[in-house]
Amino acid sequence: PEVAEAMAEAWRSTECPQRAAEAGWEAIWPKHRLIERDLYCFGMEVLLDLDVKLLQDFFATFFSNPKETMWREFLAWNMTKPGEKPWKMSIFMIMMFFRGSNTLRARLVKEAMFKDGLHLLKSIFNMPFPFD
């Protein structure tokens, strides 16, 4: 219903098919969900490249979080509310980073710099990059 309502409202106000389609897309993928998706995809790409030792280190760190609700919300895609930047998710990720071993931190920094970290920053901060 949200998608149909968004498209109908856009059509009523503009009578522009392009704007109606954009409104439907925004109803399906609001900005906060796109940012979350980019964060999850980036994280999954990093996890897929970790060796067994670093993967064990990562998950030991992830599930040792004393704020159990945070990792539950993270896994449920429930950390960011509509219209918000992913601050809660960012805090969780920073906590994870500092709880990890030095080897894990070094690997995460490397991945952020050389994988798709710039795309992630662009998504979070809505920054244009000339090489997109």
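The values are calculated or read from the model by the stated rules, or taken from the named source; none is laboratory data. Bear in mind the structure is a predicted one, so any value in this text is a computation, not a measurement. Note: areas computed on protein heavy atoms with side chains; ligands, DNA, RNA excluded. Shrake-Rupley method; radii C 1.70, N 1.55, O 1.52, S 1.80 Å.
In table form, for the structure just shown:
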item: Vicinal HN-Hα couplings computed from phi for the stretch 19-27 (Karplus, 6.51 cos²θ - 1.76 cosθ + 1.60; Hz; Gly/Pro x); result: 5, 5, 5, 4, 5, x, 4, 5, 6
item: Difference of contour (0.36 nm per residue) and Cα-Cα distance, Phe59 to Glu45; result: 3.5 nm
item: Accessible solvent surface per residue of the stretch 21-67, calculated while the other protein chains remain in place, 1.4 angstrom probe, Å²; result: 58 Å²
item: Percent accessible area from carbon and sulfur atoms, the stretch 1-109, protein chains only, probe 1.4 Å; result: 64 percent
item: Relative contact order (percent, whole number), the stretch 10-103, Cα cutoff 8 Å, 6+ residue spacing; result: 31 percent
